[in-house]
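Have a look at the structure below, then the notes.
The values are calculated or read from the model by the stated rules, or taken from the named source; none is laboratory data. Everything numeric here is computed off the predicted structure, so don't read it as measured data. Cβ coordinates were reconstructed from backbone atoms using ideal geometry, including for glycine residues, and neighbour counts include every protein chain displayed.
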Amino acid sequence: MDFIYSIIIPHKNIPKLLQRCLDSIPERDDVQVIIVDDNSDPAIVDFEHFPGLQRKNTIVVFDKSSKGAGHARNIGIEHSNSKWLIFADADDFFNYCIDECLDKYKDASEDVIYFFANSLDSVTYVNNNRGGAVNNQLERYMSDNESNEWLVRYESGVPWAKFFKSNVIEKYHIRFDETRIHNDNTFSYLAGYFAKRVKGVGIAIYCVTYRDGSITYTEMDMEKFKDRWTVFAKRVAFMEQHNLKYFTYDSFFITCLLELKKKKDKTRYHEALNIFEQNGVPISLIKSFVRQRRKMDFTYKVKHFLYQLLKW
């Protein structure tokens, strides 16, 4: 291996933000940077002066297939040559402590290391809470490792703010889905499943940003809707197959189902259930998860009400 770390960045049509991301990465002999451009528009991007072309230990791949961030990250993995893999989105950036963490954890025995992330508006730099769920999962894990390890292994569905051992990724051929949404979910829980040891670190090494027009915040059309529920269905099927049942009542997909019920969107709710069934997950099982979650939410509200009443 030529490097200790490979930092993989998919990019499309945001060269100034990509440059900001690159500027946050320390130039070191042990760090390789791999940028994969997903067929950016030449009217927007100056390819002759593309960010990273003149940077040391940096590979720039121009992919013309337009298959999205998951495909771009998979290309990055194929070009990597390092002990650890780190993923970043082009509109995000690393915090100053990344340099210290690269030194401190290069010889760590764990297969996945989870860090905190702060969150800002990409333009105004005002705080927001985009990374709140991920941080909450890590906080719960670090407060009780034994009971809450499943949260970081299976519920933390983003690739950023993590170090992954490349030999685990290659041994089990873990790759990103090439879907329009949630392409990182499968990669994250498979890495968590196959990791022998994991670790949480109480440092925010990464800043995840909110940006109007990003794929995360564009309208949920039917293609993205079907991608979302197919990814979720395959995940539940994997968990059931491997007898990992304890995660089910605290999962993001249940939150999404309850949101459809709250909006009284019966058509999409039943379409989501049908996608589960098409992927070998009984609808009755999913409905049981939803009932249990609603019961838990109701119990929490009652306890919170009684607490406030007694406090008053």
Residues in the range 1-46 that are among the aromatic types (Phe, Trp, Tyr) and either modelled with pLDDT under 95 or more than 20 Å from the chain's Cα centre (by Cα) (or both): how many?
1
Counting only residues that are aliphatic (A, V, I, L, M) and more than 22 Å from residue 10 (Cβ to Cβ), the range 130-183 contains a total of 4
Checking residue 187 against (1) at pLDDT 95 or above; (2) touching a Lys or Arg at 6+ places or on another chain (Cβ under 8 Å); (3) hydrophobic (A, V, I, L, M, F, W, C); (4) farther than 17 Å from residue 231 by Cα, only one condition comes out false. Which one?
(4)
Restricting to the range 34-92, name every residue that is part of a helix (DSSP H, G or I) and in contact (Cβ under 8 Å) with a residue 24 or more places away in the chain.
69, 70, 71, 72, 73, 74, 75, 76, 77, 79
From (1) loosely packed, with under 12 Cβ neighbours inside 10 Å; (2) out of contact with any helix residue (DSSP H, G or I) (no Cβ under 9 Å at 6 or more places or on another chain), pick out the condition that doesn't hold for residue 266.
(2)
So which residues in the range 1-57 are more than 18 Å from residue 162 (Cβ to Cβ), surrounded by 15 or more Cβ atoms within 10 Å (Cβ to Cβ) and small (Gly, Ala, Ser)?
40, 52
